[in-house]
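All of the numbers you see were taken from the coordinates with simple rules; none came from a lab. Since this is a predicted model, take the numbers as computed values, not measurements. Positions of Cβ are generated from backbone atoms using ideal geometry, with glycine treated the same way; all protein chains shown enter the neighbour counts.
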Amino acid sequence: MASCPFATWDPVNGDLGNYSTGPYKIVHHTTEGTSYAGARAAYAANLSDPHFTVDATTIYQHIDTSKVARALRHAAGGVETNRSSAVQIELVAFAGQPKDPNVLANVAQLCRWIEQEHGIPQTWPNGHPRKPLNGGDPGGHNRDVVNWTTQSGHYLIIRIGTRHTQLLKSPSSLRKDNQSYRRDHPPRGKKSTWRSLLQGPLIFGARVLKTILVKATQRF
């Protein structure tokens with residue numbers, strides 16, 4: 001049983017059984033709300049509970065991380081999502097807004113435990129999500145299915161407001177997305193490109209989750 005020793009156990013709908021494929025990965029979400037109570041009510045109504053929900057004061061665990069959670073969408077006949085050894089974390093926050101540092105610190109502590117428990121590296125196989133654009137989805141996300149199905153690490157589900165951006169797409173759809181993004185966002189020179197790559201802020205807000213995760217290694 002994989003139960004986080006510093007989390008508050010709070011089951012909602014229960015797990016969906018065993019994983020069918022791997023490797024283990026951590027998937028980050030935001031609840032798009034302001035309270036844990038509201039998020040929990042949504043899980044109960046929609047049968048969509050993740051493994052963990054994190055707010056500024058508490059880490060709640062709903063499902064054993066060795067079992068399948070429910071938060072990811074899965075199209076019939078499509079790429080495995082929930083069952084692809086995806087350990088799912090929901091932050092009580094909005095994707096396009098800055099995050100409470102206490103929430104990020106709690107997420108960092110939780111990630112250290114999950115990484116150690118399941119052998120997950122502190123890497124982002126599909127790259128770091130882009131900074132929100134005026135509080136909205138900036139586009140240009142890498143949704144490489146091969147990475148998802150073969151590489152352990154951290155991944156992000158982007159859900160801003162009522163929109164839930166699809167995590168995985170077919171190669172043809174991915175090519176169209178990339179072409180559209182390059183057309184609508186022409187490069188602004190080497191300096192801007194590298195600034196974007198180096199800063200790489202997450203959808204989580206003004207602070208970069210990668211930085212939080214790396215720095216937290218020495219704290220937790």
Please give the number of the condition T53 fails out of (1) closer than 24 Å to W148 by Cα; (2) exposed (fewer than 14 other Cβ atoms within 10 Å of the Cβ). (2)
Do any strands (runs of 3 or more DSSP E) entirely within region 6-106 hold 3 or more residues that are of a type in the set (A, V, I, L, M), and if so, which? 86-91
From the list G96, G127, which one is within 16 Å of the chain's Cα centre (by Cα) and crowded, with 22+ Cβ neighbours inside 10 Å? G96
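Kindly provide the set of residues from region 24-52 that are within 21 Å of G119 (Cα to Cα) and either free of Cβ contacts under 8 Å to residues at least 60 places away in the same chain or in contact with a His (Cβ under 9 Å, 6 or more places away or on another chain) (or both), ordered by number. Can you show your working first?
First, pick out the residues of region 24-52 that are within 21 Å of G119 (Cα to Cα): 24-29, 50-52.
Within region 24-52, Y24, K25, I26, V27, H28, P50, H51, F52 meet the criteria.
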If you go through region 1-52, how many residues are over 26 Å from H128 (Cα atoms) and among the β-branched types (V, I, T)? 2
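Looking at the structure I just gave you, is E80 among the acidic types (D, E), crowded, with 17+ Cβ neighbours inside 10 Å and under 15 Å from T30 (Cβ atoms)?
Working: among the acidic types (D, E): yes; crowded, with 17+ Cβ neighbours inside 10 Å: yes; under 15 Å from T30 (Cβ atoms): no.
So E80 fails the test.
Would a scan of region 62-69 turn up a residue that is closer than 19 Å to Y19 by Cα, surrounded by fewer than 22 Cβ atoms within 10 Å (Cβ to Cβ) and not polar (S, T, N, Q)?
yes
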Scan region 3-11 and tell me whether some residue there is exposed (fewer than 15 other Cβ atoms within 10 Å of the Cβ) and either touching a Lys or Arg at 6+ places or on another chain (Cβ under 7 Å) or small (G, A, S) (or both). yes
